[in-house]
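Here the structure is laid out as structure tokens; the discussion comes afterwards.
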């Protein structure tokens, strides 16, 4: 992923920091329009007058999950290479061209999609959209560019694997999704990337970078009809192959405890627990799971913080829930001293079991909903974040889920929360990843044994 931080982006940052109270919801349906063009290209526009700026996020519905098994890392490498695209009129790189407009451009690859985002002054949005179209439809794919960029990406991946956090992440995903493409590293491994060919890149581009497999989300100080007119010219009139089949083989139901471990020269121990979580099509369950992880890990008021951090068991703890097209993951991460490992693991599993066996009180449920609502409001105050929120759901399902999110959260009951906890947070089916300080082989083997849930009662 590359980032170009530019002069006028300071205004966007100011907009992101501006917190105010709105009578209407952040994602006000009255301000949102959408259109599907004849070739299948989707566009969503939200008119929000903020600082005279506009954000445009283009989504290609292809990430690491769509990669052929013999071309791991191709989606991420292609994301890098699209920045080699040139404008035929001035032969400038896209990043430099956006910079010359005083704008910002970023790209990222996920398991489900690839995103390219620009933020510019509204008057330059037409030019920015031209550059985006040029980028995705005519990238600078040459054998020389592929060879040069794959070496850069391979070094980035090697640096990531040198970190404990990167290794922990790979251990979680590879074990939790042992039979699913989600289990592969998003960028592939350094060894896999160096084997990617020019033909691998062009084949992936031809299959997935087609209008019917794309969506554009625009938010900011814009006129929706003007945006639709330009999008029709740049994207909507292009011939398109049919949208590719994005389905992949599902992960078999997990019925066991899976453990992945590694070691690092460190004084601290890092561990993560992960449970399979609802996919986006089960959106009511998604909203309930968001509330559950809020109860567990929302700042200093989260249950785990009170148990782990406040009592000195952990140096750090965090809870996250990643929604995806297919199954998501609930991940609980903690850092502690090695001699606290058993206590930390026991405390985490006990708190998860409480969610299964004890319904939330009315007060706790109301507090969780309030925290989630404020977080959603704060996180989407800026027009660029609104584009991201709608675009994320448009890429994996439909942007309306972002619009309806708070209403769906507010409708969740304590009974639903407990049912979701019982459905997904199985005490006998989870993944544990551990990065321990380097130790003697005998010590490592003894510490590898997973906690027995039967010993955690009382």
(message) Anything in segment 129-153 that is free of Cβ contacts under 8 Å to residues at least 60 places away in the same chain and either within 21 Å of the chain's Cα centre (by Cα) or more than 18 Å from residue 108 (Cβ to Cβ) (or both)? List them, or say none.
(response) 134, 138, 140, 142, 143, 144, 147, 148, 151
(message) Give all pairs with beta carbons closer than 8 Å in which a residue from segment 39-52 that is assigned by TED's automatic domain parsing to the domain that holds residue 208 and under 16 Å from residue 403 (Cβ atoms) meets a residue that is at pLDDT 95 or above and part of a loop (DSSP other than H, G, I, E, B); count only pairs at least 6 apart in sequence or on separate chains.
(response) 43/37; 44/399; 45/222; 47/221; 47/222; 47/223; 48/221
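So that you can scan it fast, the table gives a plain yes or no per residue for (1) buried (at least 16 other Cβ atoms within 10 Å of the Cβ); (2) more than 30 Å from residue 63 (Cβ to Cβ); (3) under 17 Å from the mean Cα position of the chain (by Cα):
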position: 358; (1), (2), (3): no, yes, no
position: 363; (1), (2), (3): no, yes, no
position: 372; (1), (2), (3): yes, no, no
position: 377; (1), (2), (3): yes, no, no
position: 382; (1), (2), (3): yes, no, no
position: 398; (1), (2), (3): yes, no, yes
position: 404; (1), (2), (3): yes, no, no
position: 421; (1), (2), (3): yes, no, no
(message) So for segment 56-64 (the condition being under 18 Å from the mean Cα position of the chain (by Cα), surrounded by 23 or more Cβ atoms within 10 Å (Cβ to Cβ), outside any helix (DSSP H, G or I) and free of Cβ contacts under 8 Å to residues at least 60 places away in the same chain), does at least one residue qualify?
(response) no
(request) Among the residues of segment 217-229, write down those that are within 29 Å of the chain's Cα centre (by Cα) and either assigned by TED's automatic domain parsing to the domain that holds residue 398 or in a helix (DSSP H, G or I) (or both). (result) 224, 227, 228
(message) Whether any residue in segment 240-251 is within 21 Å of the chain's Cα centre (by Cα) and assigned to a helix (DSSP H, G or I) is what I want to check.
(response) no
(message) Kindly evaluate residue 383 against the criterion of being in the same structural domain as residue 424 (by TED's automatic domain parsing) and modelled with pLDDT under 95.
(response) yes
(message) I'd like the full set of residues that are part of a loop (DSSP other than H, G, I, E, B) and out of contact with any helix residue (DSSP H, G or I) (no Cβ under 6 Å at 6 or more places or on another chain), limited to segment 35-52.
(response) 38, 49
(request) Output the number of residues of segment 297-316 satisfying the condition of being modelled with pLDDT of 90 or more, in contact with a helix residue (DSSP H, G or I) (Cβ under 7 Å, 6 or more places away or on another chain) and surrounded by fewer than 23 Cβ atoms within 10 Å (Cβ to Cβ). (result) 3
(request) Please state which of the following conditions residue 338 fails to meet, knowing it meets all the rest: (1) surrounded by fewer than 16 Cβ atoms within 10 Å (Cβ to Cβ); (2) more than 23 Å from residue 170 (Cα to Cα). (result) (2)
(request) At least 3 residues that are without any contact (Cβ under 8 Å) to a residue 40 or more places away in the chain and within 30 Å of residue 402 (Cα to Cα) in each: list the strands (runs of 3 or more DSSP E) lying fully within segment 263-364 that qualify. (result) 316-322
(request) Would you mind stating whether residue 69 is at pLDDT 80 or above and out of contact with any strand residue (DSSP E or B) (no Cβ under 6 Å at 6 or more places or on another chain)? (result) yes
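The values are calculated or read from the model by the stated rules, or taken from the named source; none is laboratory data. If you're wondering where the values come from, they're calculated on a predicted model, not measured in any experiment. Virtual Cβ from ideal backbone geometry, glycine too; neighbours counted across all protein chains shown.
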